[in-house]
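Working notes, beginning with the structure itself.
The values are calculated or read from the model by the stated rules, or taken from the named source; none is laboratory data. The model shown is predicted, which means the values in this text are computed figures rather than measured ones. Quick reminder, even Gly has a Cβ in these numbers, built from the backbone with ideal geometry, and neighbours come from all protein chains shown. The accessibility values were calculated without ligands, DNA or RNA, using every heavy atom of the protein model including side chains. Shrake-Rupley method; radii C 1.70, N 1.55, O 1.52, S 1.80 Å.
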Amino acid sequence: MKENIQQLLEQTVAILKQENILPADAMPRIQVDRTKDKSHGDFATNLALMTAKPAGKNPRELAQLICQHLPQSAFIEKTEIAGPGFINFFVADNALTDQLEAAYVDPDLNVTKTTSPQNIVVDYSAPNLAKEMHVGHLRSAIIGDSVVRTLEFLGHHVIRQNHVGDWGTQFGMLLTYMERLQQQGGEISMELHNLEKFYRAAKKCFDEDESFSTRARELVVLLQSGDAHCKELWQQFIDISLAHCQETYDKLGVSLSRSDVKAESSYNDDLQNVIDDLTQQGLLVEDNGAQCVFLDQFKGKDGDPLPIIVQKTGGGFLYATTDLAAIRYRKNVLKVDRVLYFVDARQSLHFQQIFTLAKKAGFATHAMSLEHMAFGTVMGEDGKPFKTRSGDVAKLADLLDEAQQRAYDLVKQKNPDMDQAQLKIIGDVVGISAVKYADLSKTRTSDYTFSFDSMLSFEGNTAPYLLYAYTRVASIFAKAGVAADSIEGEIILNSEQEKVLGNKLMQFNDAVNNVAAKGLPHVMCSYLFELAGAFSSFYEACPILIAEDQAVKNSRLKLAALTAKTLQQGLSLLGIKTLERM
């Protein structure tokens with residue numbers, strides 16, 4: 001419906017130009033928003049306010065001309081001018097029912113798909129393979145995955161890229177420890193079963209044993225020069241580390257696989273080329289032995305330009321070098337239109353500098369959209385970054401296990417007679433969904449507090465509440481003994497609650513497109529929570545199975561079916577499974 005009004009306004013602007021009411025070079029950005037107060041219509045636009053000055057007219061006078069020249073449409077019942085020149089649109093009832101009917105029969109709920117599919121890289125998760133994934137990796141993985149699912153749903157070609165950290169100084173330390181274990185006849189694969197323990201043991205040797213640390217530095221150089229012995233040890237470590245990651249992704253329901261890994265090491269051969277290209281363009285400056293780029297846009301507190309260091313004293317490369325090589329690869333090989341980086345907000349300056357330099361050096365085209373989708377920190381209930389009771393960074397695998405156990409206990413308490421196997425299935429789904437939804441429902445850019453009690457609550461904007469809302473609708477069809485996708489008759493909107501639910505169902509399209517455009521999954525969470533609330537009000541006010549009129553009963557069944565379908569699709573885009581019973 002929103003798209004229909006935008007098209008009508010585009011046609012109106014063209015007419016006004018033809019009649020010299022608007023200048024021919026006017027290019028107004030047409031914005032249509034849903035109204036918060038339905039007494040002001042269903043949609044509103046500020047087009048008259050935005051174009052009054054170039055038209056040389058009073059905004060209300062121009063709003064009147066826009067309404068007079070608006071093409072006739074069966075969708076629009078009437079328009080009204082409000083305030084200084086806003087135009088309110090009242091949608092005809094039959095237009096809403098027509099759209100609801102279309103959504104009911106469409107597998108994709110009549111969502112407007114893209115007519116210009118983009119080639120989009122989404123860079124997300126990106127753990128450091130020297131350690132196991134911890135709670136800090138949660139946000140990147142699940143927020144990025146939700147946006148990936150949404151972009152694909154709209155018809156874009158999405159390339160998942162997991163830019164894992166598998167290169168650098170710490171690997172010399174780890175390889176030296178592996179080498180020592182080999183010499184002692186130890187079983188490396190067993191030792192690597194607990195990466196955290198392995199890392200701490202290697203770090204202890206590095207800090208306390210000078211011969212160990214010397215050998216570690218030697219192995220870094222050998223590894224980066226392609227030494228076969230080092231590559232063999234390194235590959236063994238990487239394979240086990242990635243297997244740990246994949247177990248976590250599978251448990252989380254994140255759609256990353258081993259084939260999506262595009263590690264730091266994969267760009268190693270291009271790093272010197274990045275330096276050479278920057279040198280040829282006269283962008284590099286030596287500063288205390290390091291190779292740097294200084295851009296006027298970025299200055300420190302003292303007003304001096306901030307350096308982008310791309311090569312350390314002694315020849316080593318940095319994250320900046322690798323990120324520039326990755327952008328070159330994405331431009332030259334993947335031919336992308338858009339790159340989304342789901343990395344925490346503390347890296348904002350880094351990405352601003354890298355994106356600016358990449359465009360300046362021609363590593364990215366000016367048409368390529370490079371976007372840092374920054375997110376906040378996972379906090380504990382003490383207001384500090386989340387840690388375990390012992391004060392350690394919480395391992396993500398342990399956190400998910402605890403969530404599933406807590407959910408199992410909660411479901412068993414509510415259903416003491418339920419079969420154990422069924423309890424396990426429900427507990428696993430609810431536990432993982434609760435962790436994911438608690439994160440996704442918060443604004444991406446803000447910090448959020450991790451609380452099992454809050455996320456597992458059946459009240460408020462939580463996964464258990466929404467999963468229960470879905471099962472509640474599913475139970476209606478179980479009782480009715482009819483299939484949700486084969487209901488006869490037309491949708492009838494008589495009561496206020498039916499109209500509110502119908503309007504809310506038609507907002508799914510907006511929610512999907514907002515998530516894709518802005519990378520903000522909380523928009524979908526808020527929408528689904530509001531939809532569940534609208535259905536609850538409808539369910540209480542409008543009897544379904546005991547409705548005396550068969551046409552009314554079928555209409556309400558259709559609305560219930562469409563609600564269930566929308567909840568299921570929306571949760572799926574968030575990477576959350578639904579249950580038929582809880």
Note on the chain, DSSP bridge orientation, antiparallel percent to nearest 5 equals 55
Once Met50, Met373 are ranked on solvent-accessible area with the largest value leading and a 1.4 Å probe, the list reads Met50, Met373
The ³J(HN,Hα) series, computed from each phi in the stretch 29-35 with the Karplus coefficients 6.51, -1.76 and 1.60 at θ = phi - 60°, rounded to the nearest Hz and given as x for glycine or proline, is 7, 7, 10, 10, 10, 6, 7
The alpha-carbon center of the stretch 277-295 and that of the stretch 555-582 are separated, in whole Å, by 55
Using eta = 1.567 mPa s and T = 4 °C, Stokes-Einstein with Kirkwood Rh from Cα pairs puts D for the chain, in µm² s⁻¹, at 47
Diffing the stretch 475-483: the Karplus 3J(HN,Hα) column from phi (6.51, -1.76, 1.60, θ = phi - 60°), in whole Hz with x for Gly and Pro, holds 5, 4, 6, 5, 5, 6, x, 10, 7
Among Lys412/Lys499; Lys2/Lys53; Lys499/Lys565; Lys131/Lys518, the pairs whose Cα-Cα distance exceeds 27 Å are Lys412/Lys499; Lys131/Lys518
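Could you please report the charge total around His163, scoring K, R as +1 and D, E as -1 over all other residues with beta-carbon less than 12 angstrom from its beta-carbon?
Values: positive: Arg160, Lys262, Arg330; negative: Asp123, Asp166, Asp260, Glu264, Asp323.
Here the charged neighbours net out to -2.
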The long-range amide H neighbours of Asp344, using H built 1.01 Å from N in the peptide plane and a cut-off of under 5 Å, are Phe375
Note on the stretch 289-370, DSSP bridge orientation, antiparallel percent to nearest 5 equals 75
For Thr35, the residues 5 or more places away or on another chain with a placed amide H closer than 5 Å to its own amide H are Phe43, Ala44
For Ser369, other-chain or 5+-apart residues with amide H closer than 5 Å (H placed, Pro excluded) are Arg338, Val339
Projected convex hull area of the stretch 376-496, Cα atoms, direction-averaged, in nm², equals 11.4
With Cα coordinates, the longest principal axis of the chain makes an angle with the long axis of helix 59-69, in degrees rounded to 10, of 70
In debye to the nearest 20, the charge dipole size for the stretch 203-275, taken about the Cα centre with +1 at each Lys and Arg Cβ and -1 at each Asp and Glu Cβ, equals 140
Residue by residue through the stretch 554-570, the couplings from Karplus 6.51 cos²θ - 1.76 cosθ + 1.60 with θ = phi - 60°, in Hz, x for Gly and Pro, are 5, 4, 5, 4, 5, 4, 5, 5, 5, 5, 4, 5, 6, 4, 5, 5, x
Computed over the stretch 469-535, the Cα gyration tensor eigenvalues, each multiplied by 5 and square-rooted, give semi-axes in Å (largest first) of 26, 15, 12
Summed over the other residues with a beta carbon less than 11 angstrom from that of Gly136, with K and R at +1 and D and E at -1, the charge totals +4
Rounded to whole angstrom, the alpha-carbon centroid of the stretch 40-107 lies from that of the stretch 184-210 at a distance of 67
For the chain, the longest principal axis of the Cα atoms and the Cα long axis of helix 138-153 enclose an angle in degrees, to the nearest 10, of 50
Asp428 neighbourhood, Cβ < 11 Å, K/R = +1, D/E = -1, net charge +2
Counting only protein heavy atoms and rolling a 1.4 Å probe, one gets per residue an accessible area for the stretch 416-534 in Å² of 40
Rounded to the nearest 10, the angle in degrees between the Cα long axis of helix 195-208 and the longest principal axis of the Cα atoms of the chain comes to 40
